[in-house]
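Contents: one structure, followed by commentary.
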Amino acid sequence: MKKIYVREEWCLGCHLCEYYCANANLGNGDMAKTLKGAAICPCIRVEEDDRISFAVPCRHCEEPHCKKSCITGAISVEGGVVRVDKDKCVGCFTCVLACPYGAVMPSADGHAVQKCELCLQNNTGGAPACVAHCPNRAIIFEEEAEVASA
Amino acid sequence: MKHVIIGNSAAAVGCVEGIRRTNSTDDILLIASEPHHTYSRPLISYLIAGKTDRQRMKYRPDDFYAANNVTALLGKTAVAIDPAAQTVALESGETVAYDTLLVATGSSPVVFPAEGLEQVQNMRTFTQLQDAEALLESVGENTRVLIIGAGLIGLKCAEGLRSRTANITVVDLAPLVLSSILKPTPAAIIRAHLEANGVGFRLGTSVAAFRTLPGGGYEAQLQSGETIAFDQLVYAAGVRANTALVKAAGGETNRGIVVNTLGQTNLPHVYAAGDCTESPDACTGQHKVMALLPNAYMQGEAAGMHMAAGGAPLPCAPEPLIPENAIGFFGKHILSAGIYFDDGAEGKYEDFDGENYRCFYYDASAQRLMGYILLGRAERAGIYTALIREATLLPEAQFQQLRREPGLIAFSPEVRAQALRKQVV
Ligand SMILES: Cc1cc2nc3c(=O)[nH]c(=O)nc-3n(C[C@H](O)[C@H](O)[C@H](O)COP(=O)(O)OP(=O)(O)OC[C@H]3O[C@@H](n4cnc5c(N)ncnc54)[C@H](O)[C@@H]3O)c2cc1C
């Protein structure tokens, strides 16, 4: 399965991934129009200090704590992708409490949670927006493990 | 092999899914007293508030039993286990045989005797779908509701009913709300928040006697001398693990059915999981009842994997269990995990900015985060929970950085790479 990986030495700390993620999940085309002046609520989050920066997306864990902890059954795994049914979710935040990466987020209105679904749930056509728009290839979308060439 | 499961809630579902991770052919028979498709018990208060419905509160999709090849006997109650014959007797007179058995019977509300309580016709406990449905019928705009118990269940009920009536009073002998998960300072913040949202409290007192009023309705006479008139009583003073079946069969029980991390009881081929059990707390090693839904699911899953494995290696290790809870009232979230130190003890770090309250319990000699309570801001709290669950070695400087802001940046580049980089094998 293809997953999002992060190469922190390539991250410029530009936060474009956050903007493109938020925009993709709002389902809007023109980013400047939709996000101008608005507080964004992306599923991917950039961490930084004065030395390093890197983005943290959902890991789509094989043993997903968020899914096992979900009290409503709103979180499921489909083909390796950990997904959330916002219609079932009541926003109790048990998954926020459970995710070891801090990658399940309260949604902007606080009534449900949101998480990276590899852009399957929005209109980007399955190519994650954060990856597509990272200017320095610090976020990549690749098959899981591969054998190192000797 | 034939696996029998008593129960149809989080622990039972975890067991079904645990079995089916490795095994698609063994027979699974599930027996439950409640006649419903598996539903999320905590959502009964959201049902009252109109924030979910019967369909959306299903814990698994409609085809769950069929998709997992489970025979479900819903609306049937197990009355005895015979561990020598490996059979379960049902109230209906049938007997079913098992190769392995999971007891996932949950807990039942406790009701303490009080003078006149038996006269209160409009009395309900609040743990089942049928309780929520009855309250939806009986509570309207003018109904005065009295709730006994300011714990998680009583307060969730109060929040749900607040959308129907403005007249709700909660009585509890404890001087604090949520005394099982909060310390005095955060409890006072939550109480004030609930009061601001229209829930009344009488704490540190209890009901001495109930009376039926001649003109209709009832009256509760409190120990404090005050009387409160009401139309509907909700009794939410606590729950007790359903241990009777295992106890009568000679199994070891204490406050819950005693199990190990694989869910095994001391009876051969008999497992137990969920609210009916007590099991090792990964944070302290002590056996305790950790009656929360995530734990019920993960215990059930571990038991299911082991029941199906027949001695073969499990598809994954049982998840370490700790007390961990997220609950919210009127938009304010409470996240808590692990254990708390006594007030005044070293290692307690508390701050409150008027909006968000945070308290951490850090053991400097063991270099471990032991527990936390967060009110308000919830974002990325799972980073803290994982440190407690995994008993991660956490030097003080790292703890101090994390305490300011939860983030993977506090960890070493190697730990981060493990989490975020593509692993080359
Ligand atoms: C109002 C409310 C709010 C809650 N909120 C939260 C929350 O926010 N977060 C959280 O983590 N937890 C919460 N909980 C607790 C949570 O619901 C439980 O931890 C969870 O349901 C435990 O699951 P279980 O499978 O162990 O047992 P239960 O859910 O109690 O289910 C037990 C099952 O066993 C069946 N059964 C029992 N005895 C027999 C018998 N003799 N024969 C046949 N069947 C039998 C019952 O019919 C039922 O299907 C809440 C509980 C309530 C009541």
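I'd like the full set of residues that are among the polar types (S, T, N, Q) and free of Cβ contacts under 8 Å to residues at least 40 places away in the same chain, limited to the stretch A:33-90.
Once the filter is applied, which keeps residues that are among the polar types (S, T, N, Q) and free of Cβ contacts under 8 Å to residues at least 40 places away in the same chain, the stretch A:33-90 yields A:THR34, A:SER69, A:THR72, A:SER76.
Mind checking whether some residue in the stretch B:221-240 is open to solvent by less than 20 Å² (accessible area, probe 1.4 Å), farther than 25 Å from B:ALA134 by Cα, more than 16 Å from the ligand (Cβ to nearest atom) and more than 18 Å from the chain's Cα centre (by Cα)?
yes
Checking A:VAL96 against (1) open to solvent by less than 20 Å² (accessible area, probe 1.4 Å); (2) in a loop (DSSP other than H, G, I, E, B); (3) at the interface with another protein chain (Cβ under 8 Å from one of its Cβ atoms); (4) farther than 20 Å from B:GLN299 by Cβ, which single condition isn't satisfied?
(2)
Those residues that are open to solvent by 10 Å² or more (accessible area, probe 1.4 Å) and of a type in the set (Phe, Trp, Tyr), I need them from the stretch B:387-425; list them, please.
B:PHE411 - this is the single residue of the stretch B:387-425 that is open to solvent by 10 Å² or more (accessible area, probe 1.4 Å) and of a type in the set (Phe, Trp, Tyr).
Could you run through the stretch B:240-261 and say how many residues are free of Cβ contacts under 8 Å to residues at least 24 places away in the same chain and assigned to a strand (DSSP E or B)?
1
Residues that are in contact (Cβ under 8 Å) with a residue 12 or more places away in the chain, open to solvent by 30 Å² or more (accessible area, probe 1.4 Å), at positive phi and among the aromatic types (Phe, Trp, Tyr): does the stretch B:322-337 have at least one?
yes
Check whether at least one residue in the stretch B:113-127 is modelled with pLDDT of 95 or more, within 14 Å of chain A (Cβ to nearest Cβ), within 11 Å of the ligand (Cβ to nearest atom) and under 22 Å from B:THR277 (Cβ atoms), and report yes or no.
No; the residues of the stretch B:113-127 include none that is modelled with pLDDT of 95 or more, within 14 Å of chain A (Cβ to nearest Cβ), within 11 Å of the ligand (Cβ to nearest atom) and under 22 Å from B:THR277 (Cβ atoms).
Name every residue in the stretch B:260-304 that is within 14 Å of chain A (Cβ to nearest Cβ), open to solvent by 20 Å² or more (accessible area, probe 1.4 Å), within 13 Å of the ligand (Cβ to nearest atom) and hydrophobic (A, V, I, L, M, F, W, C), in order of residue number.
B:ALA291, B:LEU292, B:LEU293
Can you confirm whether the stretch A:71-78 contains a residue that is part of a loop (DSSP other than H, G, I, E, B), open to solvent by less than 10 Å² (accessible area, probe 1.4 Å) and β-branched (Val, Ile, Thr)?
yes
Scan the stretch B:395-412 and tell me whether some residue there is more than 30 Å from A:ALA112 (Cα to Cα), among the hydrophobic types (A, V, I, L, M, F, W, C), out of contact with any Ser or Thr (no Cβ under 6 Å at 6 or more places or on another chain) and at pLDDT 95 or above.
yes
Any chance you could count how many residues in the stretch B:262-274 are within 21 Å of the chain's Cα centre (by Cα), in contact (Cβ under 8 Å) with a residue 60 or more places away in the chain and assigned to a loop (DSSP other than H, G, I, E, B)?
4
Considering A:ALA22, A:ALA127, which residue is touching a Pro at 6+ places or on another chain (Cβ under 6 Å) and more than 13 Å from chain B (Cβ to nearest Cβ)?
On inspection, the qualifying residue turns out to be A:ALA22.
Does B:ARG56 meet the test of being within 14 Å of another protein chain (Cβ to nearest Cβ), over 24 Å from the mean Cα position of the chain (by Cα) and away from the ligand (no atom under 14 Å from the Cβ)?
no
Go through the stretch B:64-80 and give me each residue that's more than 10 Å from the ligand (Cβ to nearest atom), surrounded by 14 or more Cβ atoms within 10 Å (Cβ to Cβ) and among the β-branched types (Val, Ile, Thr).
B:VAL70 - this is the single residue of the stretch B:64-80 that is more than 10 Å from the ligand (Cβ to nearest atom), surrounded by 14 or more Cβ atoms within 10 Å (Cβ to Cβ) and among the β-branched types (Val, Ile, Thr).
The values are calculated or read from the model by the stated rules, or taken from the named source; none is laboratory data. Keep in mind the model is a prediction, meaning the values are calculated, not measured. Quick reminder, even Gly has a Cβ in these numbers, built from the backbone with ideal geometry, and neighbours come from all protein chains shown. For the accessible areas, the whole protein counts, side chains as well, though only heavy atoms, and no ligand, DNA or RNA atoms are used. Shrake-Rupley method; radii C 1.70, N 1.55, O 1.52, S 1.80 Å.
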